[in-house]
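**Student:** Sharing a structure here in structure tokens format.
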Amino acid sequence: MEFFDEAVNKTKEVFETVSMKTSEVIATEKQRFDMNSLKAKREKDYTALGKIYFDIVKDDENAPETVKEKVEDIKAKTAEIERLAKEIQSAKNKLICKNCGANIAKNSIYCNICGAKIGDSEE
Ligand SMILES: [Zn+2]
């Protein structure tokens, strides 16, 4: 019986060690998940702070040079974004003539380049 008890105790010990390792692994994964989720939230905070700071310094002549450079980068990108948005908007209001390929106003009846009839109205 002594041998049997010893074997049972040994098994218990092994089982406890294994389950402890498993819970350690789970704890580590949870910590990793929590850490990465905090990192993502922190990135959003940095971005939000950047926007607040941009509004404060965007017209400040006394801002440090490094800040002024970034402000100019952002202003240039904003201008380019607005330009592209206008292009997209005006492309939406245009048609391409099936006859000559010209860009023409969406409500045209005839192509102002080649005179072909436009659209599916069969008048
Ligand atoms: Zn045409």
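**Student:** Within the range 8-63, how many residues turn out to be within 21 Å of K75 (Cα to Cα) and among the aliphatic types (A, V, I, L, M)?
**Tutor:** The qualifying residues number 6.
**Student:** Output yes when any residue across the range 58-66 is assigned to a helix (DSSP H, G or I), aliphatic (A, V, I, L, M), more than 16 Å from the ligand (Cβ to nearest atom) and surrounded by 10 or more Cβ atoms within 10 Å (Cβ to Cβ), and no when none is.
**Tutor:** Initial filter on the range 58-66 (assigned to a helix (DSSP H, G or I)): 65-66.
Checking which are aliphatic (A, V, I, L, M) leaves us with none.
No, because not a single residue in the range 58-66 is assigned to a helix (DSSP H, G or I), aliphatic (A, V, I, L, M), more than 16 Å from the ligand (Cβ to nearest atom) and surrounded by 10 or more Cβ atoms within 10 Å (Cβ to Cβ).
**Student:** Tell me, yes or no, whether the range 74-93 has at least one residue that is touching a strand residue (DSSP E or B) at 6+ places or on another chain (Cβ under 9 Å), within 16 Å of the ligand (Cβ to nearest atom) and modelled with pLDDT under 90.
**Tutor:** Looking through the range 74-93, none of the residues is touching a strand residue (DSSP E or B) at 6+ places or on another chain (Cβ under 9 Å), within 16 Å of the ligand (Cβ to nearest atom) and modelled with pLDDT under 90.
**Student:** A further question follows. Is it fair to say I81 is touching a Ser or Thr at 6+ places or on another chain (Cβ under 7 Å) and outside the structural domain of I52 (by TED's automatic domain parsing)? Even if it seems obvious, please write down each step before you answer.
**Tutor:** Numbers: touching a Ser or Thr at 6+ places or on another chain (Cβ under 7 Å): no; outside the structural domain of I52 (by TED's automatic domain parsing): yes.
Here the answer is no, as I81 does not meet what is asked.
The values are calculated or read from the model by the stated rules, or taken from the named source; none is laboratory data. These numbers come from a predicted model, not from an experiment. Because the Cβ atoms are built from the backbone with ideal geometry, glycine has one as well, and the counts that use them run over all protein chains shown.
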